[in-house]
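Novice: Okay, here's the structure, questions in a sec.
The values are calculated or read from the model by the stated rules, or taken from the named source; none is laboratory data. These figures come from a predicted structure and were not determined experimentally. Here the Cβ positions follow ideal geometry from the backbone for every residue, glycine too, while neighbour counts run over all protein chains shown. For accessibility, only protein heavy atoms count, side chains too; no ligands or nucleic acids. Shrake-Rupley method; radii C 1.70, N 1.55, O 1.52, S 1.80 Å.
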Amino acid sequence: MKVSVITLGCKVNQYESEAMLSQLVSAGFVPAEETEPADVVVVNSCTVTASSDHKVRQALSRARRRNPDAVLVLTGCMPQAFPERCEALTDADIVLGNRSRALLLPYLLQFLEKHERIVDIAPHQTGDAFEPMTVGKFHERTRAFVKIEDGCNRFCSYCIIPYARGRVRSKPLDALKQEIAELAANGYREIVLTGINLSAYGQDMGLHLCDAVEAACKEPAILRVRLGSLEPEQLEPEVIRRLARQPKLCPQFHLSLQSGCDATLHRMNRHYTTAEYRVIVQNLRNAFENAAITTDIMVGFPGETEAEFADSLAFAEEIAFARAHIFPYSRRPGTAADHAPDQLSKQTKEQRAHQMAEVTAQSRLAFHRAQCGRVEPVLFEQAAAPGVFQGYTANYTPVRVQTAENLHGEVRPVSIVSADADGCTGVLSESSK
């Protein structure tokens, strides 16, 4: 039987989708090509915003239209956060929460035998263990994600994720080392450590994120270790010094900002100030040569005045992010911010998102231009056009080169010669020949 997995959301979801696909393939299922029908379709959902829920419903409806006789499975964060709402989505034959995901295969076999709808959305509980999960191969990817942490204890006022993911729990170091060794044996040279609140890794077992980074960097065949999104207040000076002792650690740090205004950060229940964020960025740039600082910025949070938005805009301009994901605040039922006064209009939020995107686009272009003249190792991923291959430097700058070679999966030194808004253009260095 052929199976297709549709993934919505973050890198953690991408990892979990690969794990589910691997489990089904090991049981005899065959991955369906993108253009062919499937006998089983798994929709791994995201619920970070109300629009995410809309995309999940669309994905389910589309999957049913394209595969009318297939078994449809809905799993992930949306069922976990909103079980009653997802139980009512009758396009799905099987509905599983995050905590029940490990039962995908037996439930699927049960449905194929009895053809009776299955809904299992077990609530998270204090003391939940980290879900054993291993991925040895990622389809059509040159870098491998490794999920090392799940859950969040922060409860930002706009965020539903603690309800969808439960409390912080971490992958044991021995399991992490084994998974990285398998990925290295399968030819991967870069791994990305990911988590729902990655900075919290180890809090539940007396370890620290640095322990995971050091374990990953010890694998001889792994050339690069990259970190997923980080909460900035976890990066004390000693942590940064410890991380900087690992030459394989990529100098790209995605520090979730959300707002450059202290009053807004307070209403968001974020646990840092702009002054603290500024110091962390300075410390990272001092410790890592040519570091890229990337971020997420929300605009139009309830109560955000023109003056507060101006503060956020000025702070983003000051930090000069290498890349920023800009998004307008979206009301999320079940969160404190959904009931907050002074909700802003859609027009105001979109206008502010446009202004913030313009500022961060300028800093991104400046960062790309600053790479010109450098020779950087590039991990090549795919052909961007006939005769053009594209990849990424250690600080995640996109680089294109003209070449007749198939460079997929190779790490080659590149002389960077020009830059634009989309990235840089370079030539293969003489030393790579």
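Novice: Could you give me the ³J(HN,Hα) list for the stretch 406-417, computed from phi with Karplus coefficients 6.51, -1.76, 1.60 and θ = phi - 60°, whole Hz, x at Gly and Pro?
Specialist: Rounded to whole hertz, the list is 8, 9, 3, x, 8, 10, 10, x, 10, 8, 8, 10.
Novice: Could you pull out every residue, at least 5 positions away or on a different chain, whose amide H is within less than 5 Å of the one on Val378? Hs are placed 1.01 Å off N in the peptide plane, and Pro or chain starts have none.
Specialist: When sequence neighbours closer than 5 places are left aside, the close amide H contacts are Arg412, Val414.
Novice: Shifting gears a bit: Lys pairs in the chain, Cα-Cα under 13 Å, at least 8 apart or on separate chains: how many?
Specialist: 5
Novice: Once you have the Kirkwood Rh of the stretch 229-357 from its Cα pairs, apply Stokes-Einstein at 4 °C and 1.567 mPa s and quote D in µm²/s.
Specialist: For these conditions, the coefficient is 84 µm²/s.
Novice: Tell me which trypsin sites (Lys or Arg not before Pro) from the stretch 166-269 have a DSSP coil assignment and no more than 16 other beta carbons within 10 Å of their own.
Specialist: Answer by residue number: Lys218, Arg245.
Novice: Over the alpha carbons of the stretch 176-230, what is the largest minus smallest coordinate on each principal axis, giving the biggest first in Å?
Specialist: Between the extreme Cα coordinates on each principal axis of the stretch 176-230 lie 31, 20, 13 Å.
Novice: Using amide H atoms built in the peptide plane, which far-off residues or other-chain residues are under 5 Å from Ala292 H to H?
Specialist: Counting only residues 5 or more places away or on other chains, the set is Gln252, Phe253.
Novice: When DSSP beta bridges are limited to those with both residues in the chain, what percentage is antiparallel, rounded to the nearest 5?
Specialist: Counting DSSP beta bridges with both partners in the chain, the antiparallel share is about 35 percent.
Novice: With θ set to phi - 60°, apply the Karplus curve 6.51 cos²θ - 1.76 cosθ + 1.60 along the stretch 175-181 and write out the HN-Hα couplings as whole Hz, x wherever there is a Gly or Pro.
Specialist: 5, 4, 4, 5, 5, 5, 4
Novice: Here's a follow-up. What are the GluC sites (Glu not before Pro) within the stretch 285-359 that DSSP puts in a loop, where the Cβ has at most 10 other Cβ atoms within 10 Å?
Specialist: Within the stretch 285-359, the qualifying GluC sites (Glu not before Pro) (loop, at most 10 other Cβ atoms within 10 Å) are Glu289.
Novice: Another question, if that's okay. Relative contact order for the stretch 37-190: what percent, with Cα pairs under 8 Å and sequence separation of 6 or more?
Specialist: 19
Novice: Same structure again: Counting only DSSP beta bridges with both residues in the stretch 275-433, what percent are antiparallel, rounded to the nearest 5?
Specialist: In the stretch 275-433, DSSP labels about 70 percent of beta bridges as antiparallel.
Novice: Hey, what do the phi angles of the stretch 51-67 turn into as Karplus ³J(HN,Hα) couplings, whole Hz, using 6.51/-1.76/1.60 and θ = phi - 60°, x for Gly and Pro?
Specialist: Result, rounded to whole Hz: 5, 4, 4, 4, 5, 5, 4, 4, 4, 5, 4, 5, 4, 5, 5, 7, 10.
Novice: Continuing with the same structure: Kindly rank 366-378, 12-24 from highest to lowest mean number of other beta carbons found within 10 Å of each residue.
Specialist: 12-24, 366-378
Novice: So with the 1.4 Å probe, I'd like the accessible area per residue for the chain, rounded to whole Å².
Specialist: 44
Novice: A further question on this structure: Charges on Cβ only, +1 for Lys and Arg, -1 for Asp and Glu, centred on the Cα centroid of the chain; of Gln246, Ala81, Leu223, which one is farthest towards the dipole's positive end?
Specialist: Leu223
Novice: When semi-axes √(5λ) of the Cα gyration tensor in Å is calculated directly from the model, which label among [x] 45, 23, 17; [y] 34, 29, 22; [z] 41, 24, 20 fits?
Specialist: [y]
Novice: Run the dipole for the chain about the Cα centre, Lys and Arg Cβ at +1, Asp and Glu Cβ at -1, nothing else charged, and hand back the magnitude in debye, nearest 20.
Specialist: 300
Novice: Could I ask something else about it? Quick one: which residues, 5 or more positions from Leu249 or on another chain, have an amide H under 5 Å from its amide H? H modelled 1.01 Å from N in the peptide plane, none for Pro or chain starts.
Specialist: Excluding prolines and chain starts, which carry no amide H, the hits are Val225.
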